[in-house]
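The values are calculated or read from the model by the stated rules, or taken from the named source; none is laboratory data. Since we're looking at a predicted model, the values are computed, not measured. Cβ coordinates were reconstructed from backbone atoms using ideal geometry, including for glycine residues, and neighbour counts include every protein chain displayed. SASA here: full protein model, heavy atoms, side chains in, ligands and nucleic acids out. Shrake-Rupley method; radii C 1.70, N 1.55, O 1.52, S 1.80 Å.
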Amino acid sequence: MSAPHQLDERARSGFRQAFGYPPGAVAVAPGRINIIGEHTDYNQGFVLPAAIDRHIAVALRLRRDARVALRSDRYQAAVDMMAARGIEMAALETAQLCQAAENGFVGARTGIMDPFTALKARGGNAILLDCRSMQQEQVPLPDGRYAWLLADSRVRHELASSAYNERRRECEAAAAALGVRSLRDATDVDLERIANPVERRRAHHVVTENARVLQAAGALRRRSPRGLGPLLYASHESLRLDFAVSCRELDCLVELAAGMPQVIGARMMGGGFGGCALVLVESAGIDDVEQHLAEGYADEFHKSPEFYRVRSVDGVMTERAA
């Protein structure tokens, strides 16, 4: 992926090509990893994400009418819609608006973690975010002796798929069975009161994953990155068994990683049904880990995973006038 300043120039050039005049401003936003806390944000729980050095850039200019015209260098289709307004919004309001767009327009009933991380992240830190109160704490990531590796299974998933949204419905049903506002309020003791076994397993994941997030944040505060290892593996097993959102390809990558002494921990990351495994590895051994994962994965699936060595970065760059 291009560096942010290169994306800035690409966005300006693409805007000028599409509309015939320069943009008024450009914003560059990062992607993210989620160290731990999967499917907990829409259950008003805890997450532990960090922004990474993979970026997207948006060039924009206000129009005289009330329309929004969108063009992308990744997709050929042009999109036009109504209601553009030049207003200032606080970061939380912006994140909530992005979440509403993904929920309502895209159809994926996701939580607030992704847009919040893109806006509020600080390089060198993860964000411990309480998705109910929106209280946040910046906690220090491991130092340069350790590295984050994304191993892409190259199995494409669609977050708006029925399976993802079904998991959210199951969580809501489990909360209703307990008579609580959300599974954030559930405890281990409560789980046996959920009669439906599927909903009970979904709730078990959420309850235990929230606990793992808090334990992981504690390990980072203590500057004890090796304490993350058992938590990452436990998170993967919970997502595989209780939440049923893994796939054989992701399981294979995690199993291969677990067999390497240089690996601290690994788990599937994201909504599930494909995508990437997140691997925390000793920096000095990252080449060997990549080779081991590539060879083992190819032996089973006759294709190679893709690898991304990522580092943490700040959140959204301030919009810059053209």
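Results, tabulated for the structure shown:
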quantity: Segment 215-243 - residue that is open to solvent by 40 Å² or more (accessible area, probe 1.4 Å) and either acidic (Asp, Glu) or touching a residue at least 40 places away in the same chain (Cβ under 8 Å) (or both) and, of those, farthest from Ala203 (Cα to Cα); calculated: Arg223
quantity: Scan of segment 1-60 for residues that are farther than 20 Å from Leu119 by Cβ, among the polar types (S, T, N, Q) and open to solvent by 20 Å² or more (accessible area, probe 1.4 Å), ordered by number; calculated: Ser2, Gln6, Ser13, Gln17
quantity: Cβ pairs under 8 Å, 6+ apart, first in segment 53-70 and farther than 17 Å from Gln6 by Cα, second open to solvent by less than 50 Å² (accessible area, probe 1.4 Å) and assigned to a loop (DSSP other than H, G, I, E, B); calculated: Arg61/Pro23; Arg61/Gly24; Leu62/Gly24; Leu62/Ala84; Arg63/Ala84; Ala66/Ala84; Arg67/Ala84; Val68/Ala84
quantity: Test for Arg184: is it more than 19 Å from Ser133 (Cβ to Cβ) and part of a helix (DSSP H, G or I); calculated: no
quantity: Meets criteria (at pLDDT 95 or above, open to solvent by 60 Å² or more (accessible area, probe 1.4 Å) and outside any helix (DSSP H, G or I)) for Asp143; calculated: yes
quantity: Residue in segment 112-140 that is surrounded by the most Cβ atoms within 10 Å (Cβ to Cβ), counting only those that are in a loop (DSSP other than H, G, I, E, B) and among the aliphatic types (A, V, I, L, M); calculated: Ala121
quantity: Strands (runs of 3 or more DSSP E) enclosed by segment 261-322 - at least 2 residues per element that are over 30 Å from Ala11 (Cα atoms) and either open to solvent by 10 Å² or more (accessible area, probe 1.4 Å) or free of Cβ contacts under 8 Å to residues at least 40 places away in the same chain (or both); calculated: 263-269
